[in-house]
1. Answer yes if at least one residue in region 189-203 is closer than 19 Å to GLY58 by Cβ, within 16 Å of ligand 2 (Cβ to nearest atom) and touching a residue at least 12 places away in the same chain (Cβ under 8 Å), and no otherwise.
2. Can you list residue pairs whose Cβ atoms sit under 8 Å apart, with the first residue in region 283-305 being within 13 Å of VAL261 (Cβ to Cβ) and at pLDDT 90 or above and the second being among the acidic types (Asp, Glu) and surrounded by fewer than 12 Cβ atoms within 10 Å (Cβ to Cβ)? Count only pairs 6 or more apart in sequence or on different chains.
3. Considering only residues that are surrounded by fewer than 16 Cβ atoms within 10 Å (Cβ to Cβ) and part of a loop (DSSP other than H, G, I, E, B), which ones fall in region 266-313?
4. Residues that are buried (at least 17 other Cβ atoms within 10 Å of the Cβ), farther than 25 Å from ASN219 by Cβ and not acidic (Asp, Glu): does region 96-115 have at least one?
5. Restricting to region 80-91, name every residue that is of a type in the set (A, V, I, L, M, F, W, C), within 16 Å of ligand 1 (Cβ to nearest atom) and crowded, with 17+ Cβ neighbours inside 10 Å.
6. Go through region 30-79 residue by residue and tally those that are within 10 Å of ligand 1 (Cβ to nearest atom), surrounded by fewer than 21 Cβ atoms within 10 Å (Cβ to Cβ), polar (S, T, N, Q) and assigned to a strand (DSSP E or B).
7. I'm checking my understanding of the structure. Among residues of region 102-116 that are of a type in the set (A, V, I, L, M, F, W, C) and within 26 Å of ILE25 (Cβ to Cβ), which one is farthest from ligand 2 (Cβ to nearest atom)?
8. Can you pull out every residue in region 120-140 that is among the aliphatic types (A, V, I, L, M) and crowded, with 17+ Cβ neighbours inside 10 Å?
Amino acid sequence: MSSEHDVMPSMNNAQSSEQLAPQPIIQTFSLRKTYRTGFWLNKTVTSLQQCSVQVMPGETFGLLGPNGAGKTTLLKILLGIAKPSAGRGFLLGKPLGDRSAKEQIGYLPENAYFYDYLTGWEFLKYAAGIFQIPAKVQKRRIPELLDMVGLDRKTAKKKQMRRYSKGMLQRVGMAQALINDPKLVFLDEPMSGLDPMGRYQMREIILSLKEQGKTVFFNSHVLSDVEIICDRVAILAQGELICEGTLDQLLGGTETQTYQVRGRGGHPPTLSEQLTDVDIQAEQWHGQLQGDPQKFLTQLNQMGGTLTEMKMTRQSLEDFFIQQLRQRGIHTSR
Ligand SMILES: Nc1ncnc2c1ncn2[C@@H]1O[C@H](COP(=O)(O)OP(=O)(O)O)[C@@H](O)[C@H]1O
Ligand SMILES: [Mg+2]
């Protein structure tokens, strides 16, 4: 796909681009960020350390982590808003903070500030002006974006943003993030504060960005949204990336695999020991098995029982997330 090749910094001709593997659209090496805090600025807080991430073109990447983990800090460094204390990184083949890369980036901040007395339309015109988008293009793009994010054109033209609901503001924010038709979109907690319908709609918008071939990097502590949307996730805790991979890689490991099993006969007390959520009624039973299915089958055979159904199920991302944090002694209130 041409969008993959566009991110290569030193490409001379189409032929050589065919031979090269796609380059990451985001790549960081051991980023670290410390802030000075306290009245005398005599204390330091380490918000990020040893942070190396890689995102490929077209991927939807979810950065998960509890509050205070360092997600926004990483995003700000990627966007060039904050400078790393150590480490380096590249965005669209350019060093972090490079101006020419910014033109191809969209950003929806966490708790974005909107100008209360502007209408949504005026705000989008203002955002388009920052990117020096010609008036003719604006005329076409603004209504297109409003349709895409599901905001009524008339409302956007007439109503000042102080009268918008949280969901409407997030939609305007999303339209603003896309005003320059970016290749790479950063979304900081895009679902926060939305009701279930708003979350669903935001999810649909993100999925449509993916269909358009855009790369999406988004921060969230809302696991279920990440699970549905993302190709790849990383978990950040106390400033460090503790794991990273596709959902299949993270949740499909043998030690985390669960099987729904159903059968007849056998020895109920032993079955109760080996299965969780077990339900035994007369001869029939069903439950969940975690661990080696072969071993279970052998034991069931020895007990004189029969297996009638076995389905593999995945651990939820939420369970995985909590387990990863607990293993590191981090307790969340979730
Ligand atoms: N400008 C700042 N000055 C001092 N500390 C900060 C600043 N920004 C963030 N931090 C600290 O860095 C840590 C990570 O914050 P943040 O990146 O906002 O986390 P998240 O987005 O995951 O909730 C927190 O402990 C926060 O207090
Ligand atoms: Mg944050």
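1. Within region 189-203, one or more residues are closer than 19 Å to GLY58 by Cβ, within 16 Å of ligand 2 (Cβ to nearest atom) and touching a residue at least 12 places away in the same chain (Cβ under 8 Å).
2. TRP285/ASP279; HIS286/ASP279; HIS286/GLU309; GLY287/ASP277; GLY287/ASP279
3. HIS267, ALA282, GLU283, GLY291, ASP292, MET303, GLY304
4. Looking through region 96-115, none of the residues is buried (at least 17 other Cβ atoms within 10 Å of the Cβ), farther than 25 Å from ASN219 by Cβ and not acidic (Asp, Glu).
5. Within region 80-91, ALA82 is the sole residue that qualifies.
6. 4
7. Taking region 102-116 as the starting set, the residues that turn out to be of a type in the set (A, V, I, L, M, F, W, C) are 105, 108, 112, 114.
Checking which are within 26 Å of ILE25 (Cβ to Cβ) leaves us with 105, 108, 112.
Working: ILE105: 18, LEU108: 12, ALA112: 12 Å.
Only one residue tops the list, namely ILE105.
8. LEU124, ALA127, ALA128, ILE133
The values are calculated or read from the model by the stated rules, or taken from the named source; none is laboratory data. Everything numeric here is computed off the predicted structure, so don't read it as measured data. So basically every Cβ, Gly included, is an ideal-geometry build from the backbone, and we count neighbours across all protein chains shown.
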